Amino acid sequence: MNPLTTTLTMTGEEMIALSKRHSLYEWSAQDAVDPIPVARAKGVYFWSPDGTRYLDFNSQLMCVNIGHGDDRVIRAVQEQVAQLAYANPFMATEPRARLGARLAGIAPGDIDVFFFTNGGSEANENAVRIARLVTGRHKILARYRSYHGGTAGSLTLTGEPRRWAVEPGMSGVVHVPHPYHGVERGWDSTSDALATLEEIIQLEGPQTIAAFILETVTGTNGILPPPPGYLEGVREICTRHGILLIADEVMSGFGRTGAWFAVDHWGVVPDLLTMAKGLTSAYVPLGAVGMRRGLADHFGKHVFLGGLTYNSHPLGCAAALATIAVYEQDDLIGNARRMGDLLTAGLEDLARRHPSIGVHRNLGLFGIVELVRNRTTREPMAPFNGTSPEMKALSKFFRTSGLYTVVRWNTFFANPPLCITEPELREALAIIDKGLEITDQAVTS
């Protein structure tokens with residue numbers, strides 16, 4: 001037996017036991033972790049070692065946008081690793097050169113310079129660094145009901161409970177209200193939300209604020225598209241005060257919403273655009289900060305004080321180029337719009353028949369369902385930052401029925417790969433339809 005050519009396989013139980021013994025799982029008390037063992041994946045499905053099939057209705061972590069196991073991306077990575085596996089970031093490579101030019105062709109407006117990172121958290125950290133270096137200001141505005149990543153600075157930007165344990169964190173971060181206040185209270189008007197933002201800027205001193213970072217469409221805190229006129233209003237306020245607008249599109253970018261980037265829906269050009277996840281569909285880790293030409297020109301004479309060993313990694317760049325080609329060749333962005341319309345109709349049908357659905361939202365294939373105990377009082381099925389027996393039971397039902405998605409607080413997500421077909425989408429909706437019988441039993445009149 002040649003150990004270099006023979007692949008040894010584990011049972012699912014062996015995978016779980018060794019993984020739990022020798023590695024930490026994120027955002028979890030380790031004794032409560034119950035991972036799904038994964039052996040292989042293709043398209044919108046993945047399988048455990050015993051052959052159990054799961055429909056991946058969350059694209060893992062909203063990242064496997066093109067679907068699993070695409071041979072075109074696999075070949076691109078194989079060819080690149082055989083030719084040049086690594087070059088340090090002070091060098092130039094063909095994948096780096098081609099990817100920067102390719103991204104310049106699809107990014108909004110005059111965003112045509114990119115700093116490559118290992119993922120989304122580092123992209124957001126470097127966007128903040130760039131904003132501070134260019135403006136000479138220190139403060140960063142960020143919203144509540146946001147998540148910007150798991151590194152120290154990105155967690156400080158985050159406006160939800162994952163931030164709490166690392167506080168005080170990075171200095172200079174000021175959180176502002178999100179226009180959405182939960183299923184119980186709903187939305188502010190756009191005018192009220194913008195007035196609140198303007199007031200906070202005045203109280204903090206606009207001349208002290210380098211940037212305002214926001215998720216164009218809020219991700220794990222609710223799949224919240226901006227209300228009409230909000231993003232345009234934020235752009236105007238930032239421009240007027242010399243505050244750079246950072247659009248975090250780590251989740252919402254690369255076709256997830258039915259456009260290359262979510263900002264395209266509103267015709268707004270941010271000053272800095274962060275990306276990861278769908279950039280390579282998670283086949284290889286890679287993130288990036290895109291910046292407008294004027295910002296990049298600042299570093300012609302001024303030192304860019306940043307660096308990463310794996311910046312512009314050839315394998316990541318090659319995977320990204322192949323992934324972008326797949327989006328185009330398979331019209332996945334168009335499919336996200338078409339299947340997004342079908343998802344909207346499917347969720348509307350479920351809401352008519354299941355009283356535990358309080359609200360549902362989706363833009364393209366970026367979707368969520370919020371569950372309630374009472375549609376009049378809007379009491380959530382689980383409390384903020386908590387769970388409930390009903391949500392635990394729903395999560396267990398999805399898993400045992402072969403549907404993988406994230407169940408968080410009183411919500412569950414609907415974020416399948418963009419290659420999903422109508423029969424596959426209807427398969428997922430049928431499982432959800434059955435599972436909601438569990439939460440309907442908790443509804444009070």
Check: If you check 315, 321, 342, which single one turns out to be over 21 Å from the mean Cα position of the chain (by Cα), part of a helix (DSSP H, G or I) and under 18 Å from residue 275 (Cα atoms)?
Finding: 315
Notebook entry, point to check: In region 408-443, what count of residues is obtained for those that are in contact with a helix residue (DSSP H, G or I) (Cβ under 6 Å, 6 or more places away or on another chain) and of a type in the set (S, T, N, Q)?
Noted result: 2
Next item on the list: Please specify each residue of region 382-393 satisfying the condition of being closer than 27 Å to residue 159 by Cα and either under 24 Å from the mean Cα position of the chain (by Cα) or not in a loop (DSSP other than H, G, I, E, B) (or both).
Entry: 382, 383, 384, 385, 386, 387, 389, 390, 391, 392
Check: Looking at this structure, is residue 77 touching a Lys or Arg at 6+ places or on another chain (Cβ under 7 Å), touching a residue at least 24 places away in the same chain (Cβ under 8 Å) and either assigned by TED's automatic domain parsing to the domain that holds residue 235 or not polar (S, T, N, Q) (or both)?
Finding: no
Next item on the list: Select from region 80-104 the residues that are in contact (Cβ under 8 Å) with a residue 24 or more places away in the chain and either aromatic (Phe, Trp, Tyr) or not in a loop (DSSP other than H, G, I, E, B) (or both) and list them in ascending order.
Entry: 80, 81, 86, 95, 96, 98, 99, 102, 103
Note to self: Residue under question is residue 268, and the condition is that it be surrounded by fewer than 24 Cβ atoms within 10 Å (Cβ to Cβ) and farther than 26 Å from residue 70 by Cα; does it hold?
What the structure shows: yes
Item checked: Condition met for residue 399 (of a type in the set (Lys, Arg) and part of a strand (DSSP E or B)) -> no
Note to self: Being touching a residue at least 24 places away in the same chain (Cβ under 8 Å), in a strand (DSSP E or B), at negative phi and assigned by TED's automatic domain parsing to the domain that holds residue 45: is that true of residue 358 here?
What the structure shows: yes
Next item on the list: Go through region 429-445 and give me each residue that's polar (S, T, N, Q) and either part of a helix (DSSP H, G or I) or modelled with pLDDT under 95 (or both).
Entry: 439, 444, 445
Item checked: residue 370 vs. criteria in a helix (DSSP H, G or I) and in contact (Cβ under 8 Å) with a residue 12 or more places away in the chain -> no
Next item on the list: Consider residue 340 carefully, then state whether it is in contact with a Gly (Cβ under 9 Å, 6 or more places away or on another chain), within 19 Å of residue 250 (Cβ to Cβ) and not assigned by TED's automatic domain parsing to the domain that holds residue 117.
Entry: no
Notebook entry, point to check: Residue check, residue 60 against (1) within 17 Å of residue 251 (Cβ to Cβ); (2) assigned to a helix (DSSP H, G or I); (3) not assigned by TED's automatic domain parsing to the domain that holds residue 40, all met but one. Which one?
Noted result: (3)
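Each row is one residue, and each column tells you yes or no for (1) at pLDDT below 95; (2) hydroxyl-bearing (Ser, Thr, Tyr); (3) crowded, with 16+ Cβ neighbours inside 10 Å.
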residue: 44; (1), (2), (3): no, no, yes
residue: 48; (1), (2), (3): no, yes, yes
residue: 59; (1), (2), (3): no, yes, yes
residue: 63; (1), (2), (3): no, no, yes
residue: 73; (1), (2), (3): no, no, yes
residue: 78; (1), (2), (3): no, no, no
residue: 86; (1), (2), (3): no, yes, no
residue: 108; (1), (2), (3): no, no, yes
residue: 114; (1), (2), (3): no, no, yes
Next item on the list: At least 1 residues that are in contact with a helix residue (DSSP H, G or I) (Cβ under 8 Å, 6 or more places away or on another chain), touching a residue at least 12 places away in the same chain (Cβ under 8 Å) and over 30 Å from residue 414 (Cβ atoms) in each: list the strands (runs of 3 or more DSSP E) lying fully within region 231-310 that qualify.
Entry: 244-248, 287-292
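The values are calculated or read from the model by the stated rules, or taken from the named source; none is laboratory data. Keep in mind it's a predicted model, so treat the numbers as computed, not measured. A quick note on method: Cβ atoms are made from the backbone with ideal geometry, for glycine too, and the neighbour counts reach across all protein chains shown.
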